[in-house]
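The values are calculated or read from the model by the stated rules, or taken from the named source; none is laboratory data. Nothing here was measured: the structure is a model prediction, and the numbers come from that model. Using ideal geometry, Cβ is built from the backbone for each residue, glycine included, and neighbour counts are taken over all protein chains shown.
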Amino acid sequence: MRIEPGKRWRNWGRSQEARPQHLVHATTPDEVSEAVAFARDKNLPLKTVGAGHSFTSIAATDGVQLDISALDGVLAVDGPLVTLGAGTNLYQLPALLGEHGLALENMGDIDKQTIAGAISTGTHGTGAQFGGLATQVEALTLVTADGSTLHLDAGDELLPAARVGLGALGVITDVTLRCVPEFVMRAVERPEPLEEVLDGWLERAASVDHFEFYWFPHTTQALTKTNTRMPADTPRAPQAPLAAWVDDEFMPNGLYVLVCNLGVVAPGLTPPLNRLANKLVAEREVTDGWHEVFTSPRRVRFREMEYALPVEAVPDALREIRAAIDANNWRITFPVEVRVAAADDNWLSTAYGRQSGYIAVHRYYREDPTAYFEAVEAIARAHGGRPHWGKMHFRTADDLRPAYPRFDDFLAARDRLDPDRVFANDYLERVLGR
Ligand SMILES: Cc1cc2nc3c(=O)[nH]c(=O)nc-3n(C[C@H](O)[C@H](O)[C@H](O)COP(=O)(O)OP(=O)(O)OC[C@H]3O[C@@H](n4cnc5c(N)ncnc54)[C@H](O)[C@@H]3O)c2cc1C
């Protein structure tokens with residue numbers, strides 16, 4: 001275990017900042033136990049930090065910051081079950097799993113997160129038959145507040161609590177994922193009229209493997225993305241390098257910096273710029289590896305809020321968001337992203353007990369997102385929405401409790417595993433209580 005003075009820490013979205021007193025690097029599970037003992041000895045809280053890609057302060061601490069990035073790589077493989085060090089970043093997985101002919105079943109939009117950080121906040125991708133990353137977790141090991149090790153396997157009562165544990169139950173040291181045979185995907189992206197996409201939402205979401213769409217505010221168009229899973233030996237047809245650069249790099253990153261910065265200095269330009277961006281989005285079809293199709297780089301910083309709603313509520317909620325943007329005359333440069341996920345049984349999963357439609361709203365990081373996000377939250381709440389734990393929201397324990405049937409069971413597990421609140425921070429106090 002290596003201990004150094006804490007340094008200024010900031011998250012990717014630049015919405016959170018902290019100054020931990022100590023930064024501890026642990027390279028083995030035993031060193032994680034030592035780090036917990038160190039924090040207890042100093043009477044300080046301890047937070048493990050992943051890749052800092054949460055927009056909320058869920059990973060922030062002014063006590064002991066624990067870095068477990070050295071706990072990475074494959075620890076064991078048993079058929080489709082792969083045990084990984086908890087600090088493994090998702091971008092390592094194509095190579096690590098590929099050696100065994102395996103793949104992740106589903107993924108979100110990016111691959112920068114650590115596996116422990118991603119599951120702890122309920123990170124998800126899209127696909128009506130596919131749950132979030134945490135649903136792929138067959139087992140995990142935690143170091144709890146007394147420094148002891150707790151291994152949770154399928155069937156253990158606490159596994160559904162620990163899979164989406166918000167970092168509140170202990171430090172995860174390894175995660176066993178149920179993987180699938182490697183596959184490729186055919187991706188079809190095309191602009192379509194928003195109203196047609198909303199009218200067909202339920203059917204489209206149910207009839208393909210992975211459906212999602214982006215709507216650019218101030219336009220009547222949506223960009224739909226339909227991904228179909230194909231056998232691993234399907235010939236790949238990636239985009240030509242120049243077209244790929246335009247679609248994956250210039251459009252979402254280079255052009256966006258321009259659009260966002262112009263939007264900050266001259267908000268009136270946002271609607272025409274969005275219409276222009278929308279026009280530049282061309283239809284494209286690509287067949288490539290699972291990882292290449294699921295994820296893409298995000299180099300323009302933004303802040304995000306995302307709500308999980310009952311899947312059938314998505315069209316009405318989106319129309320209400322559009323009306324709120326118009327009524328308030330907001331200039332919104334970033335598209336609204338809409339996805340779907342299967343129901344699951346993880347106690348604090350945003351998709352607990354119901355198939356969910358996800359609506360994500362974004363603002364450039366140099367713009368104040370508060371009014372827009374508050375309005376979207378009010379709309380989502382009226383539809384029974386649950387906020388993503390890693391993305392901005394304004395909810396508290398009192399109003400989250402009724403949204404989660406197993407909320408009090410989770411609190412009881414927290415009382416048992418961390419009675420002295422070694423793993424507490426301000427965010428957990430807000431969303432779970434003291
Ligand atoms: C550009 C961008 C794109 C994104 N895209 C998506 C998306 O497509 N879908 C989606 O659902 N989300 C998405 N997110 C949100 C992101 O997936 C989550 O916030 C995720 O938790 C970040 O993982 P991390 O490794 O950065 O964890 P951090 O943000 O560093 O930490 C998150 C939580 O996990 C805890 N934690 C980390 N490691 C451990 C451990 N070993 N043991 C116990 N607790 C631990 C931390 O203490 C904290 O509570 C996106 C975020 C960004 C910035």
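Values computed for the structure shown
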quantity: Complete set of residues in region 287-344 that are free of Cβ contacts under 8 Å to residues at least 24 places away in the same chain and either of a type in the set (Gly, Ala, Ser) or under 20 Å from GLY385 (Cβ atoms) (or both); calculated: ALA323, ALA327
quantity: All helices (runs of 4 or more DSSP H) inside region 152-228 with 3 or more residues being away from the ligand (no atom under 14 Å from the Cβ); calculated: 194-199, 201-207
quantity: Subset of region 1-21 [closer than 28 Å to LYS391 by Cβ and outside any loop (DSSP other than H, G, I, E, B)]; calculated: TRP9, ARG10, GLU17, ALA18
quantity: Strands (runs of 3 or more DSSP E) within region 36-148 that include 3 or more residues of a type outside the set (Lys, Arg) and within 10 Å of the ligand (Cβ to nearest atom); calculated: 46-49, 64-67, 137-143
quantity: Count of region 16-35 residues which are within 9 Å of the ligand (Cβ to nearest atom) and either among the small types (Gly, Ala, Ser) or surrounded by fewer than 18 Cβ atoms within 10 Å (Cβ to Cβ) (or both); calculated: 0
quantity: Close pairs from region 163-183: first more than 19 Å from PRO29 (Cα to Cα), partner assigned to a loop (DSSP other than H, G, I, E, B) and among the hydrophobic types (A, V, I, L, M, F, W, C), Cβ under 6 Å, at least 6 apart; calculated: VAL164/LEU348; LEU166/TRP389; GLU182/ALA232; PHE183/ALA232
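Yes/no matrix, rows are residues, columns are (1) assigned to a loop (DSSP other than H, G, I, E, B); (2) at pLDDT 95 or above; (3) within 24 Å of the chain's Cα centre (by Cα):
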residue	(1), (2), (3)
GLU249	no, no, yes
ARG275	no, no, no
LYS279	no, no, no
ARG298	yes, no, yes
GLU306	no, yes, yes
GLU312	no, yes, yes
